[in-house]
Amino acid sequence: MDCIADDRSSQAGTPSPSLMSSTCTEVTSISSELGSSTSSVSSDTSYLYEKYGCDGDSDSVPSCYICLDEGVDELGQPLVRDCSCRGTDAGFAHLHCIANYAEQKSQHWDGHDMYQLIVHWKVCPNCHQPYQNEPAIELANRFISYVEKTHPNDKGLAVAALKLKLGALGEFIYRQNMITSHSNDDKKKEEATATASKLLATIDQMRHSSSRSSRRVSNRILQIEAFVYFDLGQICFSEKTTKSAREAVLHFEKCRDLFEAMDIKASGVAAGISAAENSIAATMLRLDGNIPASMEKKLEHSRNMYKLCVEEYGEDDGETLKVGTNLAIDLRNTKHTTESLRLLTKLMDRSRRVHGIEHSLTKRIETTLQQYKVRRVLYQSQDGRWKKYRALRYEEEDRKNIVLQGPIHEPRCDERTFTVPSMAILPSLGTPIVCYGFGRNSFMGNLNGKVGDLRSWDKDTGSYEVHFEQTDLWSCSLKSENFHILFDLPEKNEGNGLNR
Ligand SMILES: [Zn+2]
Ligand SMILES: [Zn+2]
């Protein structure tokens, strides 16, 4: 009956590397500083209606906010919008125009604060959120060319530009793998590996050429190097194979060692070490299937990270939303499903508002939420074997029977939907439940209607350890006649009255 411990295929979260890098600083709002070109090109914008759901009947046709042209540019490249701008016409631009604009802004760089240069190639000046996906990668490429052209001997800038590209590729691959959960883009991974090699080689050159290796300079180099290994680790981690998980552990360990070699008091070092350790724990979890002690530790760490982000950046910040999503995943992996679902629901509303419904983080939160809403149970089939099924709903008001679908395995050819007595199933660990059936005056009567999670299973007594959402209730051991599976969570603090 050990198989009751729910499957481990669920994604374990890793912290976002960008948390450790500088956060977005103020960007002056764009005006049409580049002037508008009046040359008219073909304006077939129908693809935008499809891609962004713009209203085809409305008069507003998307146009580039920089050159003001509709449709493709001179080179036939379409309008793009891959930040958090939304609405039917806001924020669309030609990549070529964005790059020109960034280049122009870059000419005014003071030569000191590197972020003030990078920001033009990384963050949309309208919504102040980073570009994502292909546009982010392409802008990083343009930034690399710009640096090669204007500062050919500046290794520090070359490293910054390559790092921007690796970060963009890393996020792209990571998100793709997390959303689609199958085939990964090999070309992109090759590009990422090549970029990382080039980065490490450039860092090596820097190290050898810096005769006066002041502590500050070498710390900075170590930090970038650590980020390179973190990105590589994340890319491997997202591939979801045993081989890539082993590779990921090596990268994360290298990242941790580099951080440990730095001055612990330097900013970001402590966070870097725990982010690396955190990721090692998450990856080991995937490799081993079960390491409860480190998982609990990781959960505690994720809670602190989220709390810190909320305090530092506020609940609506993009970084907070990412860290919150990772916390929700850690909660689910440690069977705190009720809390995970509540957090994801909140994050989804916020991400929809902050980033819009098309944004990859919003989609990732939605997918995760859908996945966690599935209620898995074990049921003994006619051949005597316990198999995993999806529980869909109770059949009647009295919940005596339950509708199952499955068995869950690939291929899904022999799947069927049928009804069985509720007492014949065993819910998976982590299933949210609501208590019922205790005598009103019995000493456990106060548990009726209380919401909790099934945290562990005692095969000798056939009962579950239940942890309650209400924090002033002790956890207790319950048999399945005293709880129902919760398919939809009630509003918080309305646990009473659920049970009639
Ligand atoms: Zn344009
Ligand atoms: Zn934008």
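The values are calculated or read from the model by the stated rules, or taken from the named source; none is laboratory data. As the structure is a prediction and not an experimental result, all values here were calculated from the model. FYI the Cβ positions are ideal-geometry reconstructions off the backbone, even for glycines, and counts take in every protein chain you see.
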Of the residues that make up segment 68-79, is at least one within 16 Å of ligand 2 (Cβ to nearest atom), assigned to a loop (DSSP other than H, G, I, E, B), within 30 Å of the chain's Cα centre (by Cα) and at pLDDT 90 or above? no
Selection from segment 121-138 of residues within 16 Å of ligand 1 (Cβ to nearest atom) and in contact with a Ser or Thr (Cβ under 9 Å, 6 or more places away or on another chain) yields 124, 125, 126
When (1) more than 30 Å from residue 314 (Cβ to Cβ); (2) of a type outside the set (Phe, Trp, Tyr); (3) touching an Asp or Glu at 6+ places or on another chain (Cβ under 7 Å) are applied to residue 354, the one that fails is (1)
Filtering segment 107-126 for residues that are within 13 Å of ligand 2 (Cβ to nearest atom) and touching a His at 6+ places or on another chain (Cβ under 9 Å) leaves a count of 0
Search result, residues across segment 270-283 that are more than 16 Å from the chain's Cα centre (by Cα) and either within 20 Å of residue 237 (Cα to Cα) or touching a residue at least 24 places away in the same chain (Cβ under 8 Å) (or both): 271, 272, 273, 274, 276, 277, 280, 281
Please note which strands (runs of 3 or more DSSP E) are completely contained in segment 435-484 and include at least 3 residues that are modelled with pLDDT of 90 or more. 451-458, 463-468
Restricting attention to segment 416-429, does a residue exist that is within 25 Å of residue 348 (Cβ to Cβ) and part of a loop (DSSP other than H, G, I, E, B)? yes
Only one of 376, 393 is more than 19 Å from residue 464 (Cα to Cα), touching a residue at least 60 places away in the same chain (Cβ under 8 Å) and not in a helix (DSSP H, G or I), namely 393
Sole residue being buried (at least 18 other Cβ atoms within 10 Å of the Cβ), in a helix (DSSP H, G or I) and of a type outside the set (Asp, Glu), chosen from 362, 367, 345: 362
For residue 167, which of the numbered conditions (1) modelled with pLDDT under 95; (2) part of a helix (DSSP H, G or I); (3) within 16 Å of ligand 2 (Cβ to nearest atom) fails to hold? (3)
Given the conditions (1) assigned to a loop (DSSP other than H, G, I, E, B); (2) in contact with a helix residue (DSSP H, G or I) (Cβ under 8 Å, 6 or more places away or on another chain); (3) closer than 19 Å to residue 195 by Cβ, and given that residue 146 satisfies all but one, which numbered condition is not satisfied? (1)
When every residue in segment 73-92 that is within 14 Å of residue 61 (Cβ to Cβ) and near ligand 1 (Cβ under 10 Å from one of its atoms) is compared, the one surrounded by the most Cβ atoms within 10 Å (Cβ to Cβ) is 79
